[in-house]
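Quick note: the coordinates plus some simple rules give every number you see, no bench work behind them. Small disclaimer: the values here were computed from a predicted structure and weren't measured. Reconstructed Cβ throughout: ideal geometry from the backbone, glycine too, with neighbour counts over all protein chains shown.
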Amino acid sequence: MSETTLKLPSDQDHSGRDLGREEIELLSEVIASGVLNSTKGTKVERFEKEFAALHGSKHGVALASGTAAIHAAIVAVNPDPMDEIITSPITDMGAIAPIIYQGCVPVFADTDPYTYNVTAESIEKKITKKTRAVIVTHLFGNPCRMREIMALAGKNHLAVIEDCAQAYLAEYEGRKAGTIGDIGVFSLQQGKHMTTGEGGIAITDNADHARRLRLFVNKAWGYGDKNPDHYFLALNYRLTELQGAVALAQLKKLPSVVSRRQAAAKKLDARLRSIDGIKIPAPPADSTHVYWKYCLDVDPEILGFDVAELAAQLKNFGIASAPRYIQKPAFRCQVIKDGVTFGRNHFPLSEEMMRGYQDEGWCRREYPGAYQALSRVLVLPWNEFYEETHVRYIADKIHESVSLLSAVKIKS
Ligand SMILES: Cc1ncc(COP(=O)(O)O)c(C=O)c1O
């Protein structure tokens, strides 16, 4: 590592997490009350109400993780086994595994090569008679084109789940991410805009969906009902009061976290705009990007070097970027490609589907957008504590890395 490296605030520790007195005060209240369980306490319930209110949503249900939130949202929609749910091949496995756990078939729509998001056009190609729902991921904090997606879903009677794990308070046509589809889900994991270490929350305006979400988190036990029972197959996905306390404090800080990230991103935009072969994020005028991460499109044809070489050079300057994000589309992971699901049975994945995903050539032809995106994306860490010096440092080191790598290419 170079001697002149600047340590960047990181969401992996206190340097880049806004955790302090406010969280401790609320945590102390929980400890003093002796009630750590959300079915008896008040903090999780308050968090659910305040989170929903911030979004202008009628209902909020907190859960143990973003994965649990996706799972509960699928259960709320109530698909039959073997129904198909269309999703993105560039997302976290936590957004896909619940589809399979619920006995449904994940079907992947291609992504736009520059926004990394699924589109109405790519979703439409994958709709069949078995399609029940679509999960759209607003990747890196940049909303999908929801107008077209909602029109398509309406025409085909599909439920829409918005995965906002990376897109807190992002807006599309003046509406907040998570409030456009039927259900919006969020993750409270360590590296998100707000965190409780692990955790999640789902929001909806639909009372039936809210009821099923709530029940699914509670083993489908009808708390508060006259004659409660375990109404259907469900799990314990509850958030604890300790997490609820932290979530409440974090929620107060969320708008400021988002605007600080946006302001820092604007500064980096200005410093990187001029590099031939590198594209900065370009959210359309009707959307706001909330910069979970700051991504660059690195064109190897123009630059003469690729995204991995640029990332290796940046590492020398202490900048830990993620070239190619998840490295390969989700369907190329063993769980899906080889159908490693339940015992030795591949349920609910078919042999034919697996054969397709095992054939790299077929995958590349079927998903050109996702392959291009993953071959060129450089994911820069992003944080609300980035000051002018951090942004300038990142920009300078990117310029310096491009010059160094270009000089090496010219020589060889
Ligand atoms: C887009 C997306 N969806 C879902 C998840 C799963 O959330 P969790 O890790 O809280 O289970 C994540 C990641 O954490 C994510 O980034």
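When we screen T119, T91 for residues that are closer than 20 Å to G369 by Cβ, touching a residue at least 24 places away in the same chain (Cβ under 8 Å) and within 16 Å of the ligand (Cβ to nearest atom), the only hit is T91. When the stretch 228-280 is filtered for residues that are among the basic types (K, R) and closer than 30 Å to I302 by Cα, the ones remaining, listed by number, are R261, K266, K267, R271, R273, K279. In the stretch 287-307, the residue that is surrounded by the fewest Cβ atoms within 10 Å (Cβ to Cβ) out of those that are aromatic (F, W, Y) and assigned to a loop (DSSP other than H, G, I, E, B) is F305.
Here's the yes/no breakdown for (1) touching a Lys or Arg at 6+ places or on another chain (Cβ under 7 Å); (2) farther than 14 Å from A69 by Cβ; (3) free of Cβ contacts under 8 Å to residues at least 24 places away in the same chain; (4) aromatic (F, W, Y):
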| site | (1), (2), (3), (4) |
| --- | --- |
| F140 | yes, yes, no, yes |
| R145 | no, yes, no, no |
| V160 | no, yes, no, no |
| V185 | no, no, no, no |
| G191 | no, yes, no, no |
| A207 | no, yes, no, no |
| L215 | no, yes, yes, no |
| F232 | no, yes, yes, yes |
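Do we have any residue at all in the stretch 365-385 that's in a helix (DSSP H, G or I) and either touching a His at 6+ places or on another chain (Cβ under 9 Å) or without any contact (Cβ under 8 Å) to a residue 24 or more places away in the chain (or both)? There is at least one residue in the stretch 365-385 that is in a helix (DSSP H, G or I) and either touching a His at 6+ places or on another chain (Cβ under 9 Å) or without any contact (Cβ under 8 Å) to a residue 24 or more places away in the chain (or both).
Taking the stretch 229-266 as the range and being out of contact with any strand residue (DSSP E or B) (no Cβ under 6 Å at 6 or more places or on another chain) and part of a loop (DSSP other than H, G, I, E, B) as the test, the residues that pass are D229, Y231, F232, L233, A234, L235, R238. If you go through the stretch 206-228 and keep only what is crowded, with 18+ Cβ neighbours inside 10 Å and either of a type in the set (V, I, T) or part of a loop (DSSP other than H, G, I, E, B) (or both), you end up with V217, A220.
The sole residue among R376, R365, R344 that is surrounded by 13 or more Cβ atoms within 10 Å (Cβ to Cβ) and of a type in the set (K, R) is R376. Can you confirm whether the stretch 44-52 contains a residue that is farther than 29 Å from E387 by Cα, more than 16 Å from the ligand (Cβ to nearest atom) and small (G, A, S)? Yes, because at least one residue in the stretch 44-52 is farther than 29 Å from E387 by Cα, more than 16 Å from the ligand (Cβ to nearest atom) and small (G, A, S).
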